[in-house]
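> Just passing along the structure, written as structure tokens.
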Amino acid sequence: MLNDMMKETVEESLKYVPRLIDGIDDVIMLIDEGRYAEANSLLISVIDGLNWSIQAITLTMPFHGFDLDVVKVNESLSALMNGIENSDYQLISDSLNYEIKDILYGYMNHCKKGELN
């Protein structure tokens, strides 16, 4: 039963994470275009999606075996929040593009290799 729930959560996350990455790319594009109000609005949804995704990845680790580096995740989210608090859009963009997307791609690539427990 627990394995079935984990499997289902992993399957849902593998459908959701690519859409989340698309949303991250949209935020980055809006920032690049100087459309900060729109970027901020979409960023709220991205943060909600990150919250769900990180929880899903963490809770299903026994099933998929991906070693989520919690320290790296916390550092990346801290940099993102620092950027948001200081309206530092370059930091927001860099955190999303070079740190958070890297974590999400690492998870997806691991799972697509079929290395599930």
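> Please go through the range 3-86 and write out the GluC sites (Glu not before Pro) that DSSP classes as loop and that have at most 12 other C-beta atoms within 10 Å.
Of the GluC sites (Glu not before Pro), the ones in loops of the range 3-86 whose Cβ has at most 12 other Cβ atoms within 10 Å are GLU33.
> A follow-up question, please. Once you list every other residue whose beta carbon is under 15 Å from the beta carbon of PRO18, what net charge do they have if Lys and Arg are +1 and Asp and Glu are -1?
-2
> Whole angstrom only: what separates the Cα centroid of the range 9-42 from the Cα centroid of the range 43-117?
Here the answer is 12 Å between Cα centres.
> Over the chain, with every protein chain in place, what whole percent of the accessible area is carbon and sulfur at 1.4 Å, could you tell me?
It is 52 percent, rounded to a whole number.
> For the pair TYR105 and GLU8, what calculated FRET efficiency results from E = 1/(1 + (r/R0)^6), where r is the Cβ-Cβ distance and R0 = 25 Å, to the nearest 0.05?
Once rounded, the FRET efficiency stands at 0.70.
> Something else: Quickly estimate the mean residue ellipticity at 222 nm for the chain, helices only: each DSSP H run with n ≥ 4 gives -39500 (n - 2.57), and the total goes over all residues, rounded to 500.
Here the helix-only value at 222 nm equals -26000 deg cm²/dmol.
> Between VAL71 and SER87, what length in nm is gained on full extension when 0.36 nm per residue of separation is reduced by their alpha carbon distance?
The span from VAL71 to SER87 would gain 3.4 nm if fully extended.
> What do you get for trypsin sites (Lys or Arg not before Pro) in the range 1-59 restricted to DSSP loop and a cutoff of at most 16 other Cβ within 10 Å of the site's Cβ?
ARG35
> Need one number: nm distance between label points at TYR36 and TYR16, each 7 Å from Cα along Cα→Cβ, rounded to one decimal.
3.1
> Under a 1.4 Å probe, what is the accessible area of the range 1-58 per residue, stated in Å²?
For the range 1-58, the per-residue accessible area is 59 Å².
The values are calculated or read from the model by the stated rules, or taken from the named source; none is laboratory data. Predicted model only: the values in this text are computed from it and were never measured. Every residue, glycine among them, receives a Cβ derived from its backbone with ideal geometry; neighbour counts consider all protein chains shown. The accessibility values were calculated without ligands, DNA or RNA, using every heavy atom of the protein model including side chains. Shrake-Rupley method; radii C 1.70, N 1.55, O 1.52, S 1.80 Å.
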